[in-house]
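Before any comments, here is the structure.
What follows is calculated from the coordinates using simple rules that are stated; it is not laboratory data. Predicted, not measured: the structure shown is a model, and the values here were computed from it. Using ideal geometry, Cβ is built from the backbone for each residue, glycine included, and neighbour counts are taken over all protein chains shown.
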Amino acid sequence: MKTSANNSGRLKRVLGLPSLIAIAVGVVVAQVVFISILQGVGIGGGGFFVALIIAFILTLCYVFTFSELALMLPKAGSISTYTEVSLGHLPAIVATISGYLAPAIFGLSAELFLLEAVLEALYPDSFGQIGWFIILVLVALNILGVDFFAKVQSLLAYLMITALFVVGIAGLTQSEPQGGSVLSIWEGLKELDLSVLNLTMLAIWSFFGLEFVCPMIEETKNPAKNIPRSMILAAVVLLVVYSLVALAGYLTVPQTALAESEIPHSVLVTALFGESGKFILAVLAITATCSTINTVLATIPRMMYGMAQNGQLPSLFMKVQAKTKTPWVGIVFVASLIMVPTILLRGQDDIILTLVISAATVWLVAYVIAHINLIVLRKRYPDFKRPFKSPWYPLPQVLGIIGMVYMILNNSPSPDMTLQVYMNAGLIVLIATIYAGIWVKFSMKKGWFEPEPIENALKN
C-alpha cells in the first residue's frame, strides 16, 4: 500500500531520549493519578508502598513486551501493527480503538472537568472554559511540528516532576506532621495480607501509558536504544516520585482525610504550604492536564496514521501537514472527540467516573493482547531480528496477563458500578468490533483473523 498521497508523507526523526522520557512521564502523571496515589496511601497506609512495588513490577512486564514488539515492528501504528501480524486485522482494530482511543476520549474529558473543579475551588469565576483554550492551543502546537510538541512536552513534564519532588521533600521535612509516622509504616507492613492486591489496583493506574512512546518510533532518533530506555527510566522516576508524594501525604495528613477527599492533592498541598499552596496546586493541576492532553494529541493520531497505512482506517488519516509533517487530520479528529463528552456530560460526574473506569478496563484488555502478541510472534517468527528481547521470557508476559486479568475482574469500587462498567466496556468493544468487522470484510477484503505477513506490515 502506498504511504503517500496528496499531501501525506513520511514522519521525521527528531525525538531524543529526554523527549521520549517526557512523553512517557507526561501521559501518565495526570490529576487522577495524584488522587489515586494519595487515596491509596490514605486507605492502605504502609501497605500501599508494597502495592506500588507490585505495580512497578507489572509495569516492567508490559514495558519489556512493548519494547520488543516496537523494535521488531517499528511502525507508528503500535498495537494495531503488532496485533495484525499475530492475531489479524479485526483484533488489531478493536484493540486500538477500544483500548486507546476510547480511554483517551473519556479520560481526558474527566481530566478537564477535574481541572475546572480544582481551579474553580481555588479561584472562583476566574478560569471559565479553560478546557477549550487548552485544547485549541495544544492542537495548534502539535500541528506546528513534532519538535514544537517535544519542547512543550519536555517543559511540562520536567516542570511537573520537579514540582512533585518539591511537594514530596516538603512533606518529609515537615516540622509538625499531622499524619502517621515512619515507624507506623513498618508496623503496618507486618500485618499485610491479600488485600494489598486491591491496593495494587489503585497503584497500577498510575503507571499505565508508558507505551505511548511507541507510536512515536518513526520520529525517534536511535529507537533501538531510546525506546526501551525511555520507558524503563520513566517507570523508575515515577516509582520514586510516587513514593515521595505518598510518604509526604502519609506523614503530613491524617489517613482518613486523604481517603475521603475527592481532591486529596489539594488537602496535601494546603497542609504543606497554607494559602500559598493555592498557586502551587494550580500550577500542578494545569501542568498535569496539559501534559497528558499534549501527549495524547501527539500519540493517538500517530496510531491512527499507522492504522491508515495498514489499511485499517480511511486514507484521510495518513495526511500530514506539508511543511511540518504532522498528522493534522488525526490531531483535529482526536481533539474534537475529547470535547464531545465535555459538552454532553457536563455536571454528570458520576457518569464520567463510570465511563473512565469502563474505558480503562478495555485498556487492560489491550495490555493482555500485547502480551499475547509477543508470545505468538516468538512462536511464529523465532528467528526474526529483534533489537530488544524481553528479559526472562515468558515470565513477564505470563505474569502481566495474570495481573491484568485480575484487575479486569476487580476494577470498580462497588458491585453496582461493576455491572455498569462491564456493560459500558462491552458496548465500547461492540462498537469497535462492528466497525472492524465491516471494514476488514468489505474495504480491506481480508479475513477477520487472518494474520498479516510480517513483511507486508513492515512494507506498508
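Run the paramagnetic zone check for Phe273: 7 angstrom along Cα to Cβ, then residues of region 124-138 with backbone nitrogen under 18 Å. In region 124-138, the label zone of Phe273 (backbone N under 18 Å from the point 7 Å along Cα→Cβ) covers 124. For Ile130 and Val340, what is the calculated FRET efficiency with R₀ set at 25 Å and r taken between the beta-carbons, to the nearest 0.05? Calculated value: 0.90.
For the chain, with the dipole built from +1 on Lys and Arg beta-carbon atoms and -1 on Asp and Glu ones, taken about the Cα centre, which of Ile408, Gly168, Ala24 lies farthest toward the positive end? About the Cα centre, the residue reaching furthest to the positive side is Ala24. Per q in 0.15, 0.17, 0.22 1/Å, what log10 I(q)/I(0) does a Debye calculation on the alpha-carbon atoms of region 113-255 return? Calculated log10 I(q)/I(0) at the listed q: -1.09, -1.23, -1.40.
Students often get this wrong: which residues of region 254-272 have the backbone nitrogen under 20 Å from the point 7 angstrom along Cα-to-C-beta of Glu191? Of the residues in region 254-272, 254-260 have backbone N under 20 Å from the label point off Glu191. Here the label points at Glu262 and Ala224, each 7 Å from Cα along the C-beta direction, are separated by 5.2 nm in the simple model. Here the spin labels are modelled as points 7 Å beyond Cα on the Cα-Cβ line, and at Val376 and Leu144 they lie 4.2 nm apart. Potential lengthening of the chain between Ile438 and Leu419 amounts to 4.0 nm, from the contour at 0.36 nm per residue minus the alpha-carbon distance. Each Lys and Arg contributes +1 and each Asp and Glu -1, all at the Cβ; summed about the Cα centre of region 17-459, the dipole is approximately 1900 debye. Counting 0.36 nm for each residue step from Leu399 to Lys446 and taking away their Cα separation leaves a gain of 13.6 nm. Taking Cα atoms only, the orientation of helix 47-72 departs from the longest principal axis of the chain by about 20 degrees. Counting only DSSP H runs of at least 4 residues, each contributing -39500 (n - 2.57), and dividing by the residue count of the chain, the helix-based mean residue ellipticity at 222 nm comes to -23500 deg cm²/dmol. Under the criterion of Cα pairs below 8 Å and six or more residues apart, the relative contact order for the chain equals 36 percent.
Here is the link list: Lys225/Lys323; Lys151/Lys319; Lys278/Lys325; Lys323/Lys389; Lys75/Lys379; Lys221/Lys459. Which ones come out longer than 31 Å on Cα distance? Where the Cα-Cα span goes over 31 Å, the pairs concerned are Lys278/Lys325; Lys323/Lys389. List the lysines whose Cα sits under 30 Å from the Cα of Lys190, skipping any in the same chain fewer than 8 residues away. Partners found: none.
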